[in-house]
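**Q** Got a structure for you, questions after.
The values are calculated or read from the model by the stated rules, or taken from the named source; none is laboratory data. Computed from a prediction, not measured in an experiment: that's the story for all the values here. Glycine also receives a Cβ, built like all others from the backbone with ideal geometry; neighbour counts cover every protein chain displayed.
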Amino acid sequence: MTVNAEVPLVRSESGWFSRLGAAGNLGDWLFRRITALNALLVIVLIGAMAYEMTVASSLSLKEFGFGFITSTVWDPVRQIFGALPFIYGTVVSSLLALLIAVPISIGIAIYLSELAPAAVRAVLGPLVELLAAVPSVVYGLWGVFALAPWLRESVEPLLQAAFGFLPLFQGPHQGFGLLAGGIVLAIMILPTISSVAREVLRAVPMSLREGALALGATRWETVRTAVLPYALSGLIGAIILGLGRALGETMAITMVIGNRAEISASLFAPSYTMASVIANEFTEATEELYLAALAEIGLLLFVVTVVLNVVARLLVWRVGRMPSGGRL
Amino acid sequence: MKETSYQRRHIIDVAVRGACFAATLLALVPLVSVLYYVTVRGIGGISLDFLTQLPKPVGEKGGGMANAIVGTLELVGLACLFGIPPGVLAGVYLAEFGNTRFGKFVRFSADVMSGIPSITVGLFVFALVVMSTKRFSAYAGGFALAVLMLPTVTRATEELLKLVPESLREAGLGLGVPQWRVTLRVMLRTAAPGIATGIMLAVARVAGETAPLLFTAFSNRFWPSSLNEPTPSIPVQIFTYAVSPYEDWHEQAWAGALVLVTLVLLLNISARLLVRHRVRAR
């Protein structure tokens, strides 16, 4: 390692403040305060977000109270706003995304951190992470013109033929709907879950693996009996982080979910999410109450994702700080 | 009896390994499909006109996205201007003095902040900037993107500063250099290439963001003549075109997606190669 910094040999080079007698200590004092102020900015911004959105939604908070999240009527013309259809669409599409993404991404994390040969890992690891680099709107475009037609023509008829007795798979095949939304979300949260899960697995002490292998366990038995139990809370954290991302994801799902504020049992039916209704209607909303109702949806989303992220981060951090050999 | 038990365990081991490998390959299917579609459907729409002309009204052939390309560069530039300095300084604080209760809280908050949905950041900037200035502007859009960048830049700076060997700091301090100069001239400079990588990844991420721009920078079908007026961007333009009913616009959306994906992936991959190169050099 080379350092090409010009380190002054004489302290007097450090400028005007060295003449102030404290010989550079003033610089240290200032430096610490300035960087601390910038660090404070992170906290200030989160606080400001909470404040601004509460203020922006105060009208709606007062008008509808708790009923806002239990009412299904969303009628801008009559100025009646209830967010339940959006909450339903958000929750169902996100759970569907988790259902698809969790087994795959945990499998990826286990493969890349425990099982894959170094050469394979070096190739596949970055490729999986590239999934996170594709912009949301591009996934949306792909969803509209590639995924939705494929679902409509091939997947939905097949699902209906096999499981048509369940209400989940009834109704007309439209392509655009909860199923499409769930799949797109799953693709987008895969890299989040798998990369955090990989980090968690990396924090598992090597001695645990060595112990299991020395007792004659196969690679999978080592993972199952020694690695996974230790990493469990962190893996749950990774999944919750993925959930948080899915709840707040906007563009891709707006483009494929169909945007209809209805609650339907069928996965084929169009739906609407909290983030989508903000994206679609915010610039059109002119009445103050309408704007406030949309802002309240944003506030809800903000509060839920912050809580989820706090819980998830605590779980993930816990793995790194556990004493080696520690159990949950 | 014992033989079969070994065999069974071996078979399970191989099966699980195979399943995990299959999961990894399965995850790459959408990536390949997206890149394939974007390339095949986008390449036809790419032309000199597309890169240099303004959009034409519906129905007229031709036209391009040049204004959105310029707009995206403006927005990303402003985001860097607003987001990088505080992010780096906050990261320096966390690495150098962050072992306090305040430091831990900031670190935790930064991690939480990176999980806040981009659409709510858009709402926040709308309420804070657009409402008070009474107009959509590149400043508002750039600010929204900067807010999104901030936690990533902060944590990347911190992590990379912590990788710099303590012996360098000791050497600097031993020569009588004040701590702040050691941090800036030795520690930060040594970590600079890595921090640059972190910043490039953050830039690549926000360059493709659409949701926070919808009601901050808004959009515009003309050249952005001032930073204080509605500013078009590639992602918002793709969204507008994609959800429109017009065939011409769909083609433009794909071409725009190709430009955007190329931009983002170039940034992303070159950032990663930069790191790999450095690791090898060590």
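**Q** Go through the range B:13-35 and give me each residue that's without any contact (Cβ under 8 Å) to a residue 12 or more places away in the chain and more than 7 Å from chain A (Cβ to nearest Cβ).
**A** B:V14, B:A15, B:G18, B:A22, B:L25, B:V29, B:V32 - these are the residues of the range B:13-35 that are without any contact (Cβ under 8 Å) to a residue 12 or more places away in the chain and more than 7 Å from chain A (Cβ to nearest Cβ).
Here's the yes/no breakdown for (1) outside any helix (DSSP H, G or I); (2) touching a residue at least 60 places away in the same chain (Cβ under 8 Å):
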position	(1), (2)
B:C80	no, yes
B:N99	yes, no
B:V106	no, no
B:V112	no, no
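**Q** Just give me the residues in the range B:89-105 being at the interface with another protein chain (Cβ under 8 Å from one of its Cβ atoms) and either in contact with a Ser or Thr (Cβ under 8 Å, 6 or more places away or on another chain) or surrounded by fewer than 18 Cβ atoms within 10 Å (Cβ to Cβ) (or both), in sequence order.
**A** Those that are at the interface with another protein chain (Cβ under 8 Å from one of its Cβ atoms) and either in contact with a Ser or Thr (Cβ under 8 Å, 6 or more places away or on another chain) or surrounded by fewer than 18 Cβ atoms within 10 Å (Cβ to Cβ) (or both): B:L89, B:A90, B:V92, B:Y93, B:L94, B:E96, B:F97, B:F102, B:F105.
Residue by residue, here is whether (1) hydrophobic (A, V, I, L, M, F, W, C); (2) within 7 Å of chain A (Cβ to nearest Cβ); (3) over 30 Å from A:N25 (Cβ atoms) holds:
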| site | (1), (2), (3) |
| --- | --- |
| B:V186 | yes, yes, no |
| B:A196 | yes, no, yes |
| B:M200 | yes, no, yes |
| B:T210 | no, yes, yes |
| B:V259 | yes, no, yes |
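**Q** Out of the helices (runs of 4 or more DSSP H) lying entirely within the range B:172-282, which hold 1 or more residues that are surrounded by fewer than 17 Cβ atoms within 10 Å (Cβ to Cβ) and touching a residue at least 40 places away in the same chain (Cβ under 8 Å)?
**A** So the answer is B:188-207, B:247-281.
**Q** Right, here's the next one. Output yes when any residue across the range A:290-309 is surrounded by fewer than 24 Cβ atoms within 10 Å (Cβ to Cβ), over 14 Å from B:G115 (Cα atoms) and either of a type in the set (K, R) or more than 12 Å from chain B (Cβ to nearest Cβ) (or both), and no when none is.
**A** yes
**Q** Got a number for residues in the range A:266-317 being assigned to a loop (DSSP other than H, G, I, E, B), in contact (Cβ under 8 Å) with a residue 12 or more places away in the chain and not hydroxyl-bearing (S, T, Y)?
**A** Summing the residues that are assigned to a loop (DSSP other than H, G, I, E, B), in contact (Cβ under 8 Å) with a residue 12 or more places away in the chain and not hydroxyl-bearing (S, T, Y) in the range A:266-317 gives 7.
**Q** Considering only the range B:38-61, I want to know if a residue exists there that is touching a Lys or Arg at 6+ places or on another chain (Cβ under 6 Å) and not basic (K, R).
**A** The answer is yes; a qualifying residue exists.
**Q** Here is a follow-up. Tell me yes or no: at least one residue of the range B:42-56 is at the interface with chain A (Cβ under 10 Å from one of its Cβ atoms) and surrounded by 15 or more Cβ atoms within 10 Å (Cβ to Cβ).
**A** Yes; the residues of the range B:42-56 include at least one that is at the interface with chain A (Cβ under 10 Å from one of its Cβ atoms) and surrounded by 15 or more Cβ atoms within 10 Å (Cβ to Cβ).
**Q** Just checking, does the range A:196-208 include any residue being farther than 17 Å from A:T273 by Cα and under 12 Å from the mean Cα position of the chain (by Cα)?
**A** The answer is yes, given that some residue of the range A:196-208 is farther than 17 Å from A:T273 by Cα and under 12 Å from the mean Cα position of the chain (by Cα).
**Q** Shifting gears a bit: Can you find a residue in the range A:249-259 that is touching a residue at least 60 places away in the same chain (Cβ under 8 Å), more than 11 Å from every other protein chain (Cβ to nearest Cβ) and in contact with a helix residue (DSSP H, G or I) (Cβ under 9 Å, 6 or more places away or on another chain)?
**A** yes
**Q** Next question. How many residues does the range A:89-147 hold that are of a type in the set (S, T, Y) and at the interface with another protein chain (Cβ under 7 Å from one of its Cβ atoms)?
**A** 3
**Q** Still on this structure: Looking at A:S60, A:S71, which is the one that is among the polar types (S, T, N, Q) and assigned to a helix (DSSP H, G or I)?
**A** Residue meeting the stated conditions: A:S60.
**Q** Can I ask one more? Can you pull out the residues in the range B:148-171 that are part of a helix (DSSP H, G or I), more than 7 Å from chain A (Cβ to nearest Cβ) and surrounded by 18 or more Cβ atoms within 10 Å (Cβ to Cβ)?
**A** B:L148, B:M149, B:T152, B:V153, B:R155, B:A156, B:T157, B:E158, B:L160, B:L161, B:R169 - these are the residues of the range B:148-171 that are part of a helix (DSSP H, G or I), more than 7 Å from chain A (Cβ to nearest Cβ) and surrounded by 18 or more Cβ atoms within 10 Å (Cβ to Cβ).
**Q** Another one. What helices (runs of 4 or more DSSP H), lying completely within the range A:158-224, carry at least 2 residues that are under 23 Å from B:L26 (Cβ atoms) and at pLDDT 95 or above?
**A** Filter on the range A:158-224 gives A:178-202.
**Q** Can you name the residue in the range A:222-233 that is out of contact with any Lys or Arg (no Cβ under 7 Å at 6 or more places or on another chain) and either free of Cβ contacts under 8 Å to residues at least 60 places away in the same chain or within 14 Å of another protein chain (Cβ to nearest Cβ) (or both) and is also farthest from A:G125 (Cα to Cα) among such residues?
**A** Per the criteria, the residue is A:T225.
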